[in-house]
Amino acid sequence: MERKDFETWLDNISVTFLSLTDLQKNETLDHLISLSGAVQLRHLSNNLETLLKRDFLKLLPLELSFYLLKWLDPQTLLTCCLVSKQWNKVISACTEVWQTACKNLGWQIDDSVQDALHWKKVYLKAILRMKQLENHEAFETSSLIGHSARVYALYYRDGLLCTGSDDLSAKLWDVSTGQCVYGIQTHTCAAVKFDEQKLVTGSFDNTVACWEWSSGARTQHFRGHTGAVFSVDYSDELDILVSGSADFAVKVWALSAGTCLNTLTGHTEWVTKVVLQKCKVKSLLHSPGDYILLSADKYEIKIWPIGREINCKCLKTLSVSEDRSICLQPRLHFDGKYIVCSSALGLYQWDFASYDILRVIKTPEVANLALLGFGDVFALLFDNHYLYIMDLRTESLISRWPLPEYRKSKRGSSFLAGEASWLNGLDGHNDTGLVFATSMPDHSIHLVLWKEQG
């Protein structure tokens, strides 16, 4: 058929084809396909793929592609990355999608990172770590051996763990190597706190002492309590040391001079915890930057405005039951914004600006959990058998780790949490080092550490 005649015929056929119903069009196509040979079928196959399988990620503007990708879950996106190099490039560069996925897993986001491919890599690392937590594979254990009598006091900071023992010694350990950095002779230690130069100890002999690490010399001896000293804290900025005792009193001392500045009364039980911390919120009673002292006993938490005014009065007394039917656990968290304490009823969180209870977190699946650490995203808890991680956004336990038969202490001084920054959200770098430490019946120290991801 001549070209001109063919074009006329094709026009007529096209007009007729367009006038058919959909069913008639389908029958016409079926008939034409049945009459086609290999060359025609191959041509048909190649053109159908172009017409029907449109690569929308390649054709759409990048902004529209990113908008569509935000509606997919991360696992689907990872599968989509396998479609083609172009899809993998576009999906990997969708920063907002991967940042959101990381946030949903409880990871901190640094908005200053500009690398477009960075956050997909972070998500892959995050999902691996979260699976390790879920499968109880995120931690490993170690031991510190060196004391010859029971270890009652522990304190951790910056990779170093201090232990105070009934063998009349205190030791400073490098947690990463397990090596003892310092070992000095002291009194029996019920509480310890240290910095680079000094060690402060509370003792069962009713005194507090300050020691120099380098020489082992006692530089100050604080006498005045009539019962064992269970907790100490201090501020070099204020030149103040505070102590809580079995004599129901809290004493405020001049750190450098060793003299007692004030005795705070009002507790009717052993004072097992004192915390000296800067306030971070404003209220009618305090302003950001003010130093606040918290003291806790078996039933109550008292709040004192220390600052530069030593002769202070109690601002507020917090409790979970007016009739004292519910005891507080001997661990206390205060970051300047919130006060958190655990009890048989669950975790209590108070707003420090108003002193109102913000929430009570109950764990019906596990009773009587004790608090170790509390952050914006995670909480670290434990009982007689396991260490637990709670996702505070869902108030659910997401991981647990078995604990040995550790030495129990009603005052909570023989166990502690290690690094705490990950409680505000993991970031791929802060899941290292010490997680938990406790003293053992054989006088060793049991350590739970983050396992390297490899």
Exercise for the section: Provide the per residue accessible area, probe 1.4 Å, for the chain, rounded to a whole number of square angstrom. Expected result: 51 Å²
Practice task
Note down the magnitude of the dipole of the chain about its Cα centre, charges +1 on Lys and Arg C-beta and -1 on Asp and Glu C-beta and zero elsewhere, to the nearest 20 debye.
Solution key: 600 debye
Exercise for the section: Taking all pairs of distinct Cα atoms, average 1/r, flip it, and tell me the Kirkwood hydrodynamic radius of the chain in Å to one decimal place. Expected result: 26.3 Å
Handout entry: Cross-link partners of K131 among lysines (Cα-Cα below 22 Å; sequence separation of 8 or more within a chain)
Key = K103, K120, K121, K451
Practice task
Name all residues of the range 178-198 having a backbone nitrogen under 12 Å from the label point set 7 Å from the Cα of E212 along its Cα→Cβ direction, giving them as ranges.
Solution key: 197-198
Fill in the blank from the handout: Packing-ranked peptide list from 26-39, 274-287, highest mean Cβ count within 10 angstrom first, is 274-287, 26-39
Completion exercise
Length gained, D158-K70, 0.36 nm per residue minus C-alpha separation, equals 27.7 nm
Handout entry: Ranked packing of 423-429, 229-235, 211-217, most packed first, by mean Cβ within 10 Å
Key = 229-235, 423-429, 211-217
Practice task
Would you work out which of T8, W304, T263 lies farthest towards the positive end of the dipole of the chain? Charges go on Cβ: Lys and Arg +1, Asp and Glu -1.
Solution key: T263
Problem - Cα-based reach from K282 at 23 Å (exclusive), listing lysines while leaving out same-chain residues under 8 positions away - result: K302, K313, K316, K337
Exercise for the section: Heads up, I need the accessible area for T263: 1.4 angstrom probe, whole protein in place, Å², nearest 10. Expected result: 50 Å²
Handout entry: Check: the range 17-103 dipole with +1 on Lys, Arg Cβ and -1 on Asp, Glu Cβ, in debye
Key = 340 debye
Exercise for the section: Figure the gain on full extension for D30 and K337 (residue separation times 0.36 nm, minus the Cα-Cα span) and round it to one decimal in nm. Expected result: 103.1 nm
Exercise for the section: Find, to one decimal place in angstroms, the Kirkwood hydrodynamic radius of the range 1-129, where the mean of 1/r is taken over every pair of different Cα atoms and then inverted. Expected result: 19.0 Å
Practice task
Assuming R0 = 51 Å, can you tell me the calculated FRET efficiency for the pair C312 and L62, based on Cβ-Cβ distance, to the nearest 0.05?
Solution key: 0.25
Practice task
Output the peptides 59-69, 178-188 sorted from most to least packed, where packing is the average of other Cβ atoms within 10 Å over each peptide's residues.
Solution key: 178-188, 59-69
Handout entry: Estimated dipole of the range 97-170 in Debye, rounded to 20 [Cβ of Lys and Arg +1, of Asp and Glu -1, Cα centre]
Key = 300 debye
Practice task
With the full set of protein chains in place, find how many percent of the accessible area of the range 69-121 is carbon and sulfur; take the probe as 1.4 Å.
Solution key: 55 percent
Fill in the blank from the handout: Taking R0 as 30 Å and r as the Cβ-Cβ distance between D205 and S142, the FRET efficiency 1/(1 + (r/R0)^6), rounded to the nearest 0.05, comes to 0.40
Completion exercise
For the range 135-243, the charge dipole (Cβ of Lys, Arg +1; Cβ of Asp, Glu -1; about the Cα centre) points to a positive end, and the Cα of G164, Q197, L144 closest to that extreme belongs to G164
Handout entry: Cα→Cβ-extended label distance, 7 Å offset, between Q197 and H221, nm
Key = 2.2 nm
Handout entry: the chain, helix-only ellipticity at 222 nm - DSSP H runs n ≥ 4, -39,500 (n - 2.57), divided by all residues, nearest 500
Key = -6500 deg cm²/dmol
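The values are calculated or read from the model by the stated rules, or taken from the named source; none is laboratory data. All values reported here derive from a predicted model rather than from experimental measurement. All Cβ positions, even for glycine, are placed from backbone atoms using ideal geometry, and neighbour counts span all protein chains on display. In case anyone asks, the SASA skips ligands and DNA or RNA and just uses the protein heavy atoms, side chains included. Shrake-Rupley method; radii C 1.70, N 1.55, O 1.52, S 1.80 Å.
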